[in-house]
Amino acid sequence: MNKFDIARALDDISSYLELSENNRFRALAFERAAHSIRALDAEPADLIASGELVKTPGIGKATAAIIEELVRTGESKYLGELRTQYPSGIFELLRIPKLGLKKIGILHEKLGIGNLDELEAAARDGRVAPLPGFGPKTQQYILSGIEKARRRESHFLLPVGVDTGEQIREHLAAIEEIEDAEVSGSVRRRLEIIRNVNIVIATRDQDAVVRALSKFVEKIERIDDDTVKAFARNEIDVWFHFAKPEAFGATLLVTTGTPEFVAAFLERGGKLGRARTEKELFDKAGIAYVDPERRENGDDLKRKRHRRLIEVSDLRGTFHVHTTFSDGRNTVHEMLTTARDRGFEYVGISDHSPAAFYAGGLSVEQLKLQHKEIAANEREVAPMRVFRGTEADILPDGTIDYDEKTLKKFDFVIASIHSRFQMPKDEMTERMLRALDNPYVTFLGHLTGRKLLSRDGYSVDFERIFEKAGQRGVMIEINGNPNRLDLDWRHIRRAMDLGVGFAITPDAHSIHEYAALISGTWVARKAGLTPKEIFNTKPADEVAAYLKARRAG
DNA sequence: GCCGTTTTCGGCCCGACTGTTTTCAGTCG
């Protein structure tokens, strides 16, 4: 077991303890131990051998014994025992707002509840309200929370759709009778939330293909002569659209949509005749090709020429990267070497500021240590450049959560809101405007704070924010985390018109989350952005010079 | 469960908010 497996096991222990224990500090101790293990630049197995494990902060005798057992046997008896006390799906209940581990523990202890169905039945019967710490309002919240969760069940974040489409295409590649297959629909248009996956298949033997589909999808259902619907393993609806190879282009165009775009295409003289590719259809009609991401409406059909939209390979570097110094799951060393291995010319490390206590925000003392740690790793990852930054909280009054002396030390500052989300729109706007006036702010982080499919963003006057950001030269982040995708692509054009610059960031909390640059690029493409409109497509020297000049000015 | 130039017990990361209380606990960021 490596350090990440061990940390996960310790986190699991912590969760179970919080369900069952009165002493929440025991749970907290395991959580800290997990964080401590992740922050190691060594493997626990080696530390056991040298007897150094118990010297690790947050690891005492009891935890060390569990870690030794995990390393030796791959499991922990203690964790195993905790698991047997609860139904396997109990943590699913965390999806319901206002339900945390404490309340879930009570629900299980008093009513034996271990899943959503049981919870719903109990709440309907009025058995939840009388429980200690609950009440009629909480019971009502739970019911509406379950309803919302159910409604979202048929909605998925874009990467789920993209991955499902890719997996199915891989299966399709093995079917002889298929000449071509492409994902279409909202997934191809890279819409941030999708309900189904559409796939166009070019074949002359539809029946043979349908028979072969059953190997990797379930519940195949015939819709019409050219369409079947099925169920992917991860419960997404998948629509298969069949076309003769010579009509593949038209079917791809129609099923990619949107209906509004297709109608506008026809209006401008486009025809859905014989064509193997979409390109042929655009060419025949004398219309410049429109990328799928730009087909929410017909606006781009008026363009004389096709614009080359940004691609993830255009990004030479990135900002907004967290480490174990705050709430990241990988160390400075791991984040930096991964960035180097991905071929970046530069990377900007930005951990949280003190006000983000829950995320382990860095005190000025800890910042010094972090900068030391970065310096210690800089040579190894050279010539990649490392910029020292922060994701600093915008406090409720609009000030930034470090004093000027500290802010001066950063190469860049991402200012973000992490508290008091429910502020009235006017106050929230003033708060952000004030932050934008701070001369040390380089980027505005996740503008609305939304979490797709779970939480709306805070309300804010976009127009005034864009205006100010444009005037002040503060760039707005296109946060590529698939849960956020914030700034919303629908707002980007307007922001650009008001002079706002953009950077695509992964908001990475682990080495794997650099991948969020891909989803961030999707957002930029949907807004029609080209490489030159994104800050982090610029070469390292230019970026360094800009950041330096901005700090001086 | 961990930790200690406040050291072997008693505290442990903050603060707003909400619904539950009748002085506070749980959730959320």
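The values are calculated or read from the model by the stated rules, or taken from the named source; none is laboratory data. If you're wondering where the values come from, they're calculated on a predicted model, not measured in any experiment. Here the Cβ positions follow ideal geometry from the backbone for every residue, glycine too, while neighbour counts run over all protein chains shown. Ligands, DNA and RNA are stripped out before the accessible areas are found, and what is left, the full protein with its side chains, is counted by its heavy atoms. Shrake-Rupley method; radii C 1.70, N 1.55, O 1.52, S 1.80 Å.
Numbers below:
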read-out	value
Residue check, A:Gly389 assigned to a strand (DSSP E or B) and either more than 14 Å from DNA strand B (Cβ to nearest atom) or aromatic (Phe, Trp, Tyr) (or both)	yes
Any pair with Cβ under 7 angstrom, 6 or more apart, that starts in segment A:16-40 at a residue that is farther than 13 Å from A:Leu101 by Cβ and ends at one that is open to solvent by 50 Å² or more (accessible area, probe 1.4 Å) and part of a helix (DSSP H, G or I)	A:Arg38/A:Phe4
Candidate set from segment A:111-139 (those that are within 8 Å of DNA strand B (Cβ to nearest atom) and not in a loop (DSSP other than H, G, I, E, B)); member that is nearest to A:Lys98 (Cα to Cα)	A:Thr138
Sole exception among (1) part of a loop (DSSP other than H, G, I, E, B); (2) under 30 Å from A:Leu453 (Cβ atoms) for A:Ala9, by number	(1)
Flag if A:Gly257 is on the phi > 0 side of the Ramachandran plot and in contact with a helix residue (DSSP H, G or I) (Cβ under 9 Å, 6 or more places away or on another chain)	yes
Test for A:Arg525: is it surrounded by fewer than 22 Cβ atoms within 10 Å (Cβ to Cβ), in contact with a strand residue (DSSP E or B) (Cβ under 9 Å, 6 or more places away or on another chain), among the basic types (Lys, Arg) and not in a loop (DSSP other than H, G, I, E, B)	no
Residue within segment A:35-46 that is closer than 30 Å to A:Arg152 by Cα and within 12 Å of DNA strand B (Cβ to nearest atom) present	no
Residue selected from segment A:59-74 under the condition more than 12 Å from DNA strand B (Cβ to nearest atom) and without any contact (Cβ under 8 Å) to a residue 40 or more places away in the chain, by the criterion nearest to A:Asp12 (Cα to Cα)	A:Glu69
Residue satisfying condition, being more than 26 Å from A:Ile194 (Cβ to Cβ), over 21 Å from the mean Cα position of the chain (by Cα) and open to solvent by 40 Å² or more (accessible area, probe 1.4 Å), within set A:Asp401, A:Asp437	A:Asp437
Any hit, segment A:246-264, residues being closer than 29 Å to A:Ile504 by Cα, among the aromatic types (Phe, Trp, Tyr) and part of a loop (DSSP other than H, G, I, E, B)	no
Any hit, segment A:2-25, residues being near DNA strand B (Cβ under 10 Å from one of its atoms) and acidic (Asp, Glu)	yes
In segment A:483-513, the residues that are out of contact with any helix residue (DSSP H, G or I) (no Cβ under 6 Å at 6 or more places or on another chain) and among the aliphatic types (A, V, I, L, M)	A:Leu487, A:Ile492, A:Met496
Criterion violated by A:Glu179 - all others in (1) open to solvent by less than 80 Å² (accessible area, probe 1.4 Å); (2) touching a Lys or Arg at 6+ places or on another chain (Cβ under 8 Å); (3) at pLDDT 95 or above satisfied	(1)
All positions within segment A:208-236 that are touching a strand residue (DSSP E or B) at 6+ places or on another chain (Cβ under 7 Å) and in contact (Cβ under 8 Å) with a residue 60 or more places away in the chain	A:Ala232, A:Ile236
Residue match in segment A:322-335 (condition: outside the structural domain of A:Arg38 (by TED's automatic domain parsing), assigned to a loop (DSSP other than H, G, I, E, B) and among the aliphatic types (A, V, I, L, M))	no
Qualifying position, being in contact (Cβ under 8 Å) with a residue 12 or more places away in the chain and surrounded by 22 or more Cβ atoms within 10 Å (Cβ to Cβ), among A:Leu395, A:Leu444	A:Leu444
Residue under evaluation A:Ser88, criteria (1) more than 16 Å from DNA strand B (Cβ to nearest atom); (2) among the hydroxyl-bearing types (Ser, Thr, Tyr); (3) modelled with pLDDT of 95 or more, criterion not met	(3)
Residue satisfying all of: in segment A:143-197; among the basic types (Lys, Arg) and part of a helix (DSSP H, G or I); farthest from A:Thr227 (Cα to Cα) among these	A:Lys148
Pairs, first acidic (Asp, Glu) in segment A:536-553, second open to solvent by 60 Å² or more (accessible area, probe 1.4 Å), C-beta under 8 Å, six or more apart	none
Filter result (more than 10 Å from DNA strand B (Cβ to nearest atom), farther than 11 Å from A:Arg388 by Cβ and open to solvent by less than 50 Å² (accessible area, probe 1.4 Å)) within segment A:353-378	A:Ser353, A:Leu362, A:Asn377
Residues that are under 21 Å from A:Gly360 (Cβ atoms) and open to solvent by 40 Å² or more (accessible area, probe 1.4 Å), drawn from segment A:23-38	A:Arg24, A:Phe25, A:Arg26, A:Leu28, A:Ala29, A:Glu31, A:Arg32, A:His35
Checking A:Arg551 against (1) open to solvent by 50 Å² or more (accessible area, probe 1.4 Å); (2) at pLDDT 95 or above; (3) more than 30 Å from A:Glu153 (Cβ to Cβ), the condition it does not meet	(2)
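Quick grid of which residues meet (1) more than 30 Å from A:Arg95 (Cβ to Cβ); (2) hydrophobic (A, V, I, L, M, F, W, C):
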{"site": "A:Ile414", "(1), (2)": "no, yes"}
{"site": "A:Lys425", "(1), (2)": "no, no"}
{"site": "A:Leu433", "(1), (2)": "yes, yes"}
{"site": "A:Asn438", "(1), (2)": "yes, no"}
{"site": "A:Gly449", "(1), (2)": "no, no"}
{"site": "A:Leu452", "(1), (2)": "no, yes"}
{"site": "A:Ser459", "(1), (2)": "no, no"}
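The rows are residues; the columns are (1) polar (S, T, N, Q); (2) more than 16 Å from A:Gly145 (Cα to Cα); (3) touching a strand residue (DSSP E or B) at 6+ places or on another chain (Cβ under 8 Å); (4) surrounded by fewer than 15 Cβ atoms within 10 Å (Cβ to Cβ).
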residue: A:Gly89; (1), (2), (3), (4): no, yes, no, yes
residue: A:Leu99; (1), (2), (3), (4): no, no, no, no
residue: A:Gly105; (1), (2), (3), (4): no, yes, no, no
residue: A:Gly112; (1), (2), (3), (4): no, yes, no, yes
residue: A:Leu119; (1), (2), (3), (4): no, no, no, no
residue: A:Ala122; (1), (2), (3), (4): no, no, no, no
